[in-house]
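Novice: One structure is given below, represented as structure tokens, and several questions about it will come after.
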Amino acid sequence: MSCFLNSKFSRLVPYTPGEQPKDMKYIKLNTNESPFAPSPKAQMMAAKAAQSLQLYSDPECRDLVFAAAKYFGIQTDEIIFTNGSDEVLNFAFMAFCENGAVFPDVTYGFYSVFAELNGVNYKEIPLKEDFSVDINDYIGVNKTVFLANPNAPTGIALSVEDIEKIVKSNPNNVVVIDEAYVDFGAKSVIPLIKKYDNLLVTQTFSKSRSLAGGRLGFGIGSKKLICDLNTIKYSTNPYNVNSMTAAAGIGSLEDDEYIKNNCEKIKENREYLEKELEKFGFSMTASSANFIFAKHCSIGGKDIYLKLKEKGVLVRHFDKERLKDYTRITIGSKEQLDVLIEKLKEILEELL
Ligand code: PMP
């Protein structure tokens, strides 16, 4: 740390992204990326947009906003596009958390970092023993609520009815539902924005739409919430979405069959991996996401992570006390999963 850093950031512990080692070629099942390439239409439109990169991107992302409004059945002033959904989440912490925020103790690790960064008081509410959310903890809580649905790293989803109860009971606070993984098996609450002006739904093009490197996310909510988020956006970086990514986003929305097909393949692969892991003595949470969260009956999560890494397969391990027995594994292609299964088999033979 230099002596020039503003003292309010001196204790900030930044988010640790999943590792991207370059020492050898790994099978990457650690950052919940898609194993499939972006839709051909998205690639083509991004390449075309590259021809006009001498111009600034459209700060309003008009073409993308029109395409998305049509796709999601909303008005054009009910959506904001950002540089990944991380950015819209950060904006929400900046904009809506004057009275503090609440989120589960086990959830997306960036929430607490955004809270710290923006000087927001926050409380982490423990998940139940089985890692599910007790919705009673969020009823009338009088703080800004952040819930990932499905949650990460557990993959467990809440029902639309339960989320509606939380939104309805907190009319004076924003409830942010982070639907980064919703396309893999949960139900979106986007239709509820018509009924509740305190609901903000965030989604990303990084997972089901295979555009993690393009960095495209968005928030959908009432016109006034979106207006507030735009105040923050235009006060930080109006050109937050680059032209190639905006074009790729339109291509992806227009190629729905390709995306839906990929999501179906991920769901099939998830089921396949769950069955195989059960045979090896793993138990896991019920995942509606593109990853599973699994625990072996006798080997710790860290050992599994380290041994797999030695054998060229990257998965994610969290040191946090409640999570240390677990391993989070991204659902890759069938071929990637078969290598993972083979390596796990070798590890179990070596260790047991
Ligand atoms: N929410 C959750 C729950 C996530 O796991 C992630 C990805 N790590 C994000 C949001 C942000 O993803 P992106 O910025 O790529 O849209």
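Novice: Report the residue, chosen from Val160, Val241, Val102, that carries the largest GNM mean-square fluctuation when the chain is represented by alpha-carbon nodes joined by springs under 10 Å.
Specialist: Val160
Novice: In debye, nearest 20, what is the charge dipole magnitude of region 216-352 about its Cα centre with +1 on Lys and Arg Cβ and -1 on Asp and Glu Cβ, if you could check?
Specialist: In debye, rounded to 20, region 216-352 gives about 580.
Novice: Name the aspartates and glutamates eligible as straight-distance cross-link partners of Lys123: C-alpha to C-alpha under 19 Å, and not fewer than 8 places from it in the same chain.
Specialist: Glu98, Asp105, Asp134, Asp137, Asp178, Glu321
Novice: With springs connecting C-alpha atoms under 10 Å apart, model the chain as a Gaussian network and identify which of Gly251, Gly221, Gly119 has the largest mean-square fluctuation.
Specialist: Of Gly251, Gly221, Gly119, the Gaussian network model singles out Gly119 as fluctuating most.
Novice: Rounded to the nearest 20 Debye, what is the dipole magnitude of the chain about its Cα centre when Lys and Arg each give +1 and Asp and Glu each give -1 at the C-beta?
Specialist: Value, rounded to 20: 400 debye.
Novice: Compute the distance in nm between two label points, each set 7 Å from the Cα along the Cα-to-Cβ direction, one at Glu271 and one at Val160.
Specialist: 2.3
Novice: Relative to 2.2 N^0.38 Å, what does the C-alpha radius of gyration of the chain come to as a ratio? Two decimals please.
Specialist: Relative to the rule-of-thumb radius for its length, the chain sits at 1.00.
Novice: How much length is gained on full extension from Asp130 to Leu351, taking 0.36 nm per residue of separation minus their Cα-Cα distance?
Specialist: Additional length available on full extension: 76.8 nm.
Novice: For every other residue with a beta carbon closer than 9 angstrom to the beta carbon of Leu225, add +1 if it is Lys or Arg and -1 if Asp or Glu, then tell me the sum.
Specialist: -1
Novice: Which whole-number value in Å² is the accessible area per residue of the chain, probe 1.4 Å?
Specialist: In whole numbers, the chain has 47 Å² accessible per residue.
Novice: Run the helix sum for the chain: -39,500 (n - 2.57) per DSSP H stretch of 4+ residues, divided by residue count, reported at 222 nm to the nearest 500 deg cm²/dmol.
Specialist: Rounded to the nearest 500, the figure is -11500 deg cm²/dmol.
Novice: Which value, in debye to the nearest 20, describes the size of the charge dipole of region 277-343 about its Cα centre when Lys and Arg Cβ atoms bear +1, Asp and Glu Cβ atoms bear -1, and nothing else is charged?
Specialist: 160
Novice: How would you order 108-114, 178-184 from highest to lowest mean count of nearby Cβ atoms within 10 Å?
Specialist: Packing order, densest peptide first, comes out as 178-184, 108-114.
Novice: Please calculate the 1.4 Å probe accessible area of Arg322, with all protein chains present, and give it to the nearest 10 Å².
Specialist: About 80 Å², ignoring ligands and nucleic acids.
Novice: Could you state the orientation-averaged shadow area of the convex hull built on the Cα atoms of region 19-99, in nm² to one decimal?
Specialist: That works out to 9.2 nm².
Novice: Where does each of Met284, Met44 land when they are ordered by accessible area, with a 1.4 Å probe and the largest first?
Specialist: Heavy-atom accessible area, descending, gives Met44, Met284.
Novice: In region 50-148, if the dipole is taken from +1 on Lys/Arg beta carbons and -1 on Asp/Glu beta carbons about the Cα centre, which of Phe91, Pro104, Phe72 is farthest to the positive end?
Specialist: Final value for the positive-end residue is Phe72.
Novice: If you restrict to DSSP beta bridges whose two residues both lie in the chain, what percentage is antiparallel, to the nearest 5?
Specialist: For the chain, the DSSP antiparallel bridge percentage is about 55.
Novice: Under the Karplus relation 6.51 cos²θ - 1.76 cosθ + 1.60, θ = phi - 60°, what is the ordered set of whole-Hz ³J(HN,Hα) values for region 302-319, x standing for Gly and Pro?
Specialist: With the stated coefficients, region 302-319 comes to 5, 4, 4, 4, 5, 5, 5, 4, 4, 9, x, 10, 9, 10, 10, 10, 10, 6 Hz.
Novice: Further, regarding this structure: So what's the gap between the Cα centers of region 31-68 and region 133-195, to the nearest angstrom?
Specialist: 29
Novice: Another question, then. Can you tell me how much longer the chain between Ser333 and Leu306 gets when fully stretched, taken as 0.36 nm per residue apart minus their C-alpha distance, in nm with one decimal?
Specialist: Between Ser333 and Leu306, full extension yields an extra 7.6 nm.
Novice: Further question: Taking all protein chains as present, what is the carbon and sulfur share of the accessible area of region 246-334, in % to the nearest whole number, probe 1.4 Å?
Specialist: Accessible surface attributable to carbon and sulfur in region 246-334 totals 47 percent.
Novice: Between Lys25 and Cys227, what's the calculated FRET efficiency when r is the beta-carbon distance and R0 is 45 Å? Round to 0.05.
Specialist: That pair, Lys25 with Cys227, gives E of 0.45.
Novice: Please compute the length gained on full extension between Phe4 and Asn142, using 0.36 nm multiplied by the number of residues separating them and subtracting their Cα-Cα distance.
Specialist: Length gained, Phe4 through Asn142: 46.0 nm.
Novice: Percent of accessible area on region 104-233 owned by carbon and sulfur, 1.4 Å probe?
Specialist: Carbon with sulfur: 49 percent of the solvent-accessible area.
Novice: Can you compute 3J(HN,Hα) from phi for each residue in region 138-155, using the Karplus curve 6.51 cos²θ - 1.76 cosθ + 1.60 with θ = phi - 60°, rounded to whole Hz and x for Gly and Pro?
Specialist: 10, 6, x, 7, 6, 9, 6, 9, 10, 10, 8, 9, x, 6, 10, x, 8, x
The values are calculated or read from the model by the stated rules, or taken from the named source; none is laboratory data. This one's a predicted model, so the numbers in the text were calculated from it and none came from an experiment. All Cβ positions, glycine included, derive from the backbone under ideal geometry; neighbour counts span all protein chains shown. To get the accessible areas, we keep the full protein, side chains included, count just its heavy atoms, and leave off ligands, DNA and RNA. Shrake-Rupley method; radii C 1.70, N 1.55, O 1.52, S 1.80 Å.
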